[in-house]
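J.: Pasting a structure here, questions to come.
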Amino acid sequence: MAFTLPALPYGKNDLAPHITANTLEFHHGKHHQAYVTNLNKLLEGHALAGQTLEEVIKKSTGDAKHAGIFNNAAQVWNHTFYWHSMKPGGGGAPAGAIAKKIDADLGGYNAFVEAFKNAGATQFGSGWAWLVLNNGKLEITKTGNADTPIAHGIKPLLTVDVWEHAYYLDYQNRRPDYLDTFIKHLINWDFANANLG
């Protein structure tokens, strides 16, 4: 079974003005689609064909001869996770279990904001900033290029894409402004709570 591009969990205009339909057309319709297309080509006749996306990622991680498969599979997975990490009318302080856990493990919402923004802003080049659950504790981490916490046995709860194609049409080179907007207006805390559970 070939992988297919998953639909966005909202309409292309629903995140505006924070992320425009123009960005989503390119980011989802072109970039994410290209990773799906490339992955399917790389898996034709391959021993990993027919595995789940997570299995492909875990079995190809750290293997230089499977770098192309890992990069495309991880980018398909990361992007799908990113779309769900946002919602129209999202952002702001969380409620529920994730709020209590942020207070307990990270020192409160303001500390989370500072650390999450810092992780995204200081990721050199392309990559991702993550809120993860590692050995029962929340952590903020970042990964370069296609790398993903699931390749390392760590459970992601939320991510922000800091590849330039995620924000350049709307924010040009102002990555910190994009991160600030993501936190204030887009984070889907319901998704993070569901992942925590």
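The values are calculated or read from the model by the stated rules, or taken from the named source; none is laboratory data. No experiment lies behind these values; they were computed from the predicted model shown. Here Cβ is always computed from backbone atoms with ideal geometry, including for glycine, and neighbour counts include all displayed protein chains.
J.: Condition first: within 16 Å of TRP128 (Cα to Cα) and either modelled with pLDDT under 95 or of a type outside the set (D, E, K, R) (or both). Now tell me which residues in segment 162-172 satisfy that. If you could, list the steps in order and put the result at the bottom.
T.: Step one: of segment 162-172, the residues within 16 Å of TRP128 (Cα to Cα) are 162-168.
Those that are within 16 Å of TRP128 (Cα to Cα) and either modelled with pLDDT under 95 or of a type outside the set (D, E, K, R) (or both): VAL162, TRP163, HIS165, ALA166, TYR167, TYR168.
J.: Among the candidates ASP63, ASP105, which residue alone is over 17 Å from HIS32 (Cβ atoms), at pLDDT below 95 and over 17 Å from the mean Cα position of the chain (by Cα)? Walk me through it before giving the result.
T.: On the way: ASP105 fails: at pLDDT below 95.
Of ASP63, ASP105, the one residue that is over 17 Å from HIS32 (Cβ atoms), at pLDDT below 95 and over 17 Å from the mean Cα position of the chain (by Cα) is ASP63.
J.: For segment 128-163, what are the residues that are out of contact with any Gly (no Cβ under 9 Å at 6 or more places or on another chain) and among the charged types (D, E, K, R)?
T.: LYS137, GLU139, LYS155
J.: Scan segment 44-72 residue by residue and report those that are touching a residue at least 40 places away in the same chain (Cβ under 8 Å) and either of a type in the set (D, E, K, R) or buried (at least 21 other Cβ atoms within 10 Å of the Cβ) (or both).
T.: Residues satisfying the conditions are GLU54, ILE57, LYS58, PHE70, ASN72.
J.: Continuing with this model, one more query. Here's a check for you: in segment 124-170, which residue that is among the polar types (S, T, N, Q) and not in a strand (DSSP E or B) is surrounded by the fewest Cβ atoms within 10 Å (Cβ to Cβ)?
T.: This residue is ASN135.
Results for (1) touching a strand residue (DSSP E or B) at 6+ places or on another chain (Cβ under 7 Å); (2) of a type in the set (S, T, N, Q); (3) within 24 Å of ALA73 (Cβ to Cβ), shown as yes or no for each residue.
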{"residue": "ASN118", "(1), (2), (3)": "no, yes, no"}
{"residue": "PHE124", "(1), (2), (3)": "no, no, yes"}
{"residue": "GLY136", "(1), (2), (3)": "no, no, no"}
{"residue": "GLY153", "(1), (2), (3)": "no, no, yes"}
{"residue": "GLU164", "(1), (2), (3)": "no, no, yes"}
{"residue": "ASN173", "(1), (2), (3)": "no, yes, no"}
{"residue": "ASP190", "(1), (2), (3)": "no, no, no"}
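J.: Could I ask something else about it? I'd like the full set of residues that are over 17 Å from ASP161 (Cα atoms), in contact with a Lys or Arg (Cβ under 6 Å, 6 or more places away or on another chain) and hydrophobic (A, V, I, L, M, F, W, C), limited to segment 81-128.
T.: Passing the criteria: none in range.
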